Amino acid sequence: MMPQFAYTRPKSIDDALKILAPGNAVVHAGGTDLLGCLRERVFEAKTVVSLSDLPELKGIQKAKDGGLRIGALTTISEVAEDPLVRAMYPGLAKAASEVGSPQLRNQGTLGGNLCQKPRCWYYRGDFHCIRKGGDTCYAVDGENQFHCIFGGDSCYIVHPSDTAPVLMALEAKVHIEGPKGKRDVPVGEFHVQPSKDPQRETVLAQGELLTSVLLPPPPGGLRSSYRKVRARQSWDFALVGVALALVMSTGKVSRARVVLSGVAPVPWRLRAVEELLTGRELDAETIRLAAETSIKGANPLKHNVYKLPLMKGAIEEELTAILAA
Ligand SMILES: Cc1cc2nc3c(=O)[nH]c(=O)nc-3n(C[C@H](O)[C@H](O)[C@H](O)COP(=O)(O)OP(=O)(O)OC[C@H]3O[C@@H](n4cnc5c(N)ncnc54)[C@H](O)[C@@H]3O)c2cc1C
């Protein structure tokens, strides 16, 4: 049963910030993740603050520097279908098109996609796990087939967003507004590793609002893509998601970003693969070496060793698709 809470729909960002400031209030964007969390009592809130009356948080505009500004309340469908996103950052359009189901994409927002809570069944279930303030990650000795193979420390969740790894690969920033002012944070620094704090997913402080996502102008020769591997073809979270942003120059890779979803508690950058790709021709041998390198440093649990060949294969196939295009 849904617990009781007050519901408010402020008419300005300033009013929203005032209501959020004292604490015990949560942001409601599309509600596709939030309402489940409240119903399942993953966390509690006295007040739910809807963003639906804030038109300035909606829409996609070209920025002065040639990049794009996407309002946090823009739906995932709008991101997937927008002609500018498709032309400038096809990897982001692809990732958005892979989120959940059409209904979830029509209701869910880009801001909510970046701020959503992890799907771990212990965290979402009746377990007082470390993410809820306990002292145990039940996944370590439990059912851990969907948990992380990189970056697990005290907590072994995987980061669930499909858009976050692509935004990180594209070197996007999030614009944040709060009681102490405004700031831009690179998406690569927005999510918090369990080793730093196992009880929070993002750097958002109490009362802060993610208001937009800022994408830099795409460099010439940019090739961006996203490949999601899931257990079934209908809606499902990524077992492994591979986001690539390669800058190609005269047949060689001049800059590489390789970021994964579904394998670590935060979007996970494969720096060793990026280093290997940089300065090389993208040919079959380079792709083979990149796939081999991708699993170095992985630390699978008892039931998720299968993610290693899955990740290797996804990277190999996605790089091969870029080579063939
Ligand atoms: C069945 C199902 C399948 C799903 N499949 C996928 C999937 O395949 N891939 C995927 O990436 N996601 C998936 N999701 C997760 C989620 O629904 C989507 O990511 C969606 O985009 C979340 O957006 P929302 O606007 O509905 O967020 P909400 O539910 O409104 O919010 C989610 C969280 O973020 C906070 N929040 C929202 N907006 C802001 C903001 N602007 N500033 C600060 N905090 C904010 C909320 O307080 C809440 O804690 C799935 C969810 C369900 C229920």
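The values are calculated or read from the model by the stated rules, or taken from the named source; none is laboratory data. All figures in this text were calculated on a predicted structure; none of them were measured in a lab. Quick reminder, even Gly has a Cβ in these numbers, built from the backbone with ideal geometry, and neighbours come from all protein chains shown. Surface accessibility is based on the protein's heavy atoms, side chains included, excluding ligands, DNA and RNA. Shrake-Rupley method; radii C 1.70, N 1.55, O 1.52, S 1.80 Å.
Computed values, structure above
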| read-out | value |
| --- | --- |
| In the range 146-179, residue surrounded by the most Cβ atoms within 10 Å (Cβ to Cβ) [restricted to those that are more than 20 Å from the chain's Cα centre (by Cα) and of a type outside the set (S, T, Y)] | G178 |
| Matching residues in the range 43-61 - criterion: being among the aliphatic types (A, V, I, L, M), under 27 Å from S77 (Cα atoms) and within 12 Å of the ligand (Cβ to nearest atom) | V48, V49, L51, L54, L57 |
| Test result for V185, within 16 Å of the ligand (Cβ to nearest atom), part of a strand (DSSP E or B) and surrounded by fewer than 17 Cβ atoms within 10 Å (Cβ to Cβ) | yes |
| Pairs where the first residue, in the range 251-272, is within 23 Å of L301 (Cα to Cα) and the second is away from the ligand (no atom under 16 Å from the Cβ) and aromatic (F, W, Y), C-beta under 9 Å, 6+ apart | L260/F150; V263/F150; A264/F150; P265/F150; P265/Y156; W268/F150; L270/F150 |
| Selection count where residues are under 21 Å from R269 (Cβ atoms) and either more than 16 Å from the ligand (Cβ to nearest atom) or polar (S, T, N, Q) (or both), scope the range 198-217 | 4 |
| Residue satisfying all of: in the range 1-20; in contact (Cβ under 8 Å) with a residue 24 or more places away in the chain and open to solvent by 50 Å² or more (accessible area, probe 1.4 Å); farthest from the ligand (Cβ to nearest atom) among these | M1 |
| Count of the range 218-239 residues which are within 16 Å of the ligand (Cβ to nearest atom), of a type in the set (G, A, S) and open to solvent by 40 Å² or more (accessible area, probe 1.4 Å) | 2 |
| In the range 21-36, the residues that are more than 16 Å from R119 (Cβ to Cβ), out of contact with any Pro (no Cβ under 9 Å at 6 or more places or on another chain) and open to solvent by less than 60 Å² (accessible area, probe 1.4 Å) | G23, A25, V26, V27, H28, A29, G30, G31 |
| Looking only at the range 246-294, and only at residues there that are closer than 14 Å to M311 by Cβ and charged (D, E, K, R), the one that is least open to solvent (accessible area, probe 1.4 Å) | R269 |
| Matching residues, the range 97-132, being closer than 20 Å to A231 by Cα, within 11 Å of the ligand (Cβ to nearest atom) and open to solvent by 60 Å² or more (accessible area, probe 1.4 Å) | Q103, L104, R119 |
| Meets criteria (touching a strand residue (DSSP E or B) at 6+ places or on another chain (Cβ under 7 Å), of a type in the set (D, E, K, R) and closer than 20 Å to A238 by Cα) for K94 | yes |
| Residue within the range 186-194 that is more than 18 Å from the chain's Cα centre (by Cα) and within 29 Å of Y306 (Cβ to Cβ) present | no |
| Hits in the range 285-325 (condition: acidic (D, E) and in contact (Cβ under 8 Å) with a residue 24 or more places away in the chain) | E316, E317, E318 |
